[in-house]
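We did not get these values from a lab; they are worked out from the coordinates using the rules stated. Treat the numbers as computed from the prediction; the structure is a model and nothing was measured. Glycine gets a Cβ as well: all are built from the backbone with ideal geometry, and neighbour counts include every protein chain shown.
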């Protein structure tokens, strides 16, 4: 069973159109949804949870269509962390636990307490007194305390210092290590996704530009470094994006099709995304 | 839904304690019992509505839409909260009235009952009008629209009184002639109908707003 299956999903706003696109997240995997601000990442997550009505297509979560009456039951098995935790500022972590205990039938108060302890979150401190890192940790503690099988993380690591990001990425990787778990994490910090994801989906201006296994992606592309004259001689069909300066040129190319004798380096995921995001794609 | 109410109580907790204490004190003053009653019922009206402002400010709606609650439960909890605070306001009036009998003049329970009934009808109707506006325009704009509506209603009512001034005794007489149980039954029917329609409308507006159709 796939954790998420999206087919032909579309959503139209007055000034923004998302999709149509297909996307699949298999169980036991972490999928990174990358894209610039306003690319449609948060909208996609809201559409997956039916928190916004879609205009077209199908979305299935843990094997259930998200518009069916049974989806409410499925929501019990999905942990969501938003870019802002969206908790009223006067509420404490302890009170949030009491509220969520009424939302989730499988709420595990002891597990929540353990997560608060692990993240060093004072249970009686008001939310407004928490730092940005603490608020995100609180959201994650809540998402992990009701036996979720799927985690949806919307910019859960943005605005955090590297130490906290590292700690949280470890938590997500551990979670996804179970065969019946899966994680979808949206971020514009591509280096974070490179560390923890199995699949990468790239949203650009509401369109899904790619969705591939991360390792395949890193194998498929190469970063060609040469002179502008040498680049001009390369078959344009091989080039996926380029940057030409006065003294040198750099281009994202199909590694297997790259011309022999020129320097082709292994790109980072960020290189691939940045080149593809440019409008110089073939 | 109880958890949603719990959340609103946590949010209102501190301010509610102070306001309830003040309402109780006002209701203990012998010569200001109607002022105390008005204050208690105003709190009953305003407190639940202030929770919508808090929700907007922290974007609670974005989060709650991801949780296993239906839009009906989310919107319905606000109505239930309003009815609960109305009951609390009424209880405060009764408590104040009872306390005054211990150290002051004997209470007029008939008058108190009539006052509470009148306030419950009024606040119930205001609640029915207010929530769809708050969901449609947000708490800030919604309140402005509400003030405009009430100003218009006041002018209309004032106009009606001015027009009927010659026959005021007749109007009052005809109202008094209606049996109290019939008046109460009519009030309950109007109140229930208005709140039911208001709730249905609020759910529709909530869904449209969530889908970004008012952006």
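Tilt of helix A:132-143 relative to the longest C-alpha principal axis of chain A, in degrees (0 to 90, nearest 10)?
70
To check my understanding: the extent here is largest minus smallest coordinate of the Cα atoms along each principal axis. What are those three numbers for the range A:11-162, in Å, largest first?
45, 32, 29
I'd like the mean, over residues of A:13-25, of how many other protein chain beta carbons sit within 10 Å of each residue's own Cβ. Please list the in-between numbers first.
Values: counts 4, 3, 1, 2, 0, 0, 0, 0, 0, 0, 0, 0, 0.
Average neighbour count from other chains, rounded to a whole number: 1.
Enter the mean number of other protein chain beta carbons within 10 Å of the beta carbon of each residue in B:65-75, as an integer.
On the way: counts 7, 17, 14, 12, 4, 2, 1, 0, 1, 0, 0.
Shielding by partners across B:65-75 averages 5.
Using every Cα-Cα pair within the protein assembly as shown, state what percent have a distance larger than 30 Å.
59
For chain A, compute the orientation-averaged projected area of the C-alpha convex hull (one quarter of its surface), in nm². Could the numbers behind the result be given before it?
Details: hull surface 66.7 nm².
About 16.7 nm², averaged over all directions.
So how do A:25, B:22 line up by other beta-carbon neighbours within 10 Å, fewest first? Could the numbers behind the result be given before it?
Working: A:25 25, B:22 14.
Sorted ascending by nearby Cβ count, the order is B:22, A:25.
With only alpha-carbon atoms counted, please give the Rg and Dmax of the range B:57-150, in Å.
According to the Cα coordinates of the range B:57-150, Rg and Dmax are 17.9, 55 Å.
Please give the calculated 222 nm ellipticity per residue for chain A, where each DSSP H segment of at least 4 residues contributes -39500 (n - 2.57) and the sum is spread over every residue; nearest 500 deg cm²/dmol? Can you show the working numbers first?
Details: 10 runs with 89 residues, N = 282.
So the calculated ellipticity at 222 nm is -9000 deg cm²/dmol.
What ranking, highest mean first, results for peptides A:6-12, B:3-9, B:152-158 when packing means the other Cβ atoms within 10 Å averaged over each residue? Walk me through the numbers before you get to the answer.
Details: A:6-12: 18.1, B:3-9: 20.6, B:152-158: 10.1.
In descending order of packing, they fall as B:3-9, A:6-12, B:152-158.
Could you give the Stokes-Einstein D for chain B in µm² per second, using the C-alpha Kirkwood radius, 10 °C, 1.306 mPa s?
Details: Rh = 19.1 Å.
D = 83 µm²/s.
Averaged over peptide B:2-10, how many Cβ atoms belonging to another chain are found within 10 Å of each residue's Cβ? Provide the component values of the computation, followed by the final result.
On the way: counts 2, 8, 3, 2, 5, 10, 2, 1, 9.
Neighbouring Cβ atoms belonging to other protein chains average 5 per residue here.
Any number yet on Rg/Rh for the range A:217-277, C-alpha, Kirkwood? Please list the in-between numbers first.
On the way: Rg = 10.3 Å, Rh = 11.2 Å.
Value, to two decimals: 0.92.
Which of B:13, B:167, B:108 moves the most in a Gaussian network model of chain B with Cα springs under 10 Å?
Answer for the Gaussian network model of chain B: B:167.
Cα-based Rg of the range A:126-247 per 2.2 N^0.38 Å, rounded to two decimals?
Working: Rg = 19.1 Å, N = 122, 2.2 N^0.38 = 13.7 Å.
Normalised Cα radius of gyration, the range A:126-247: 1.40.
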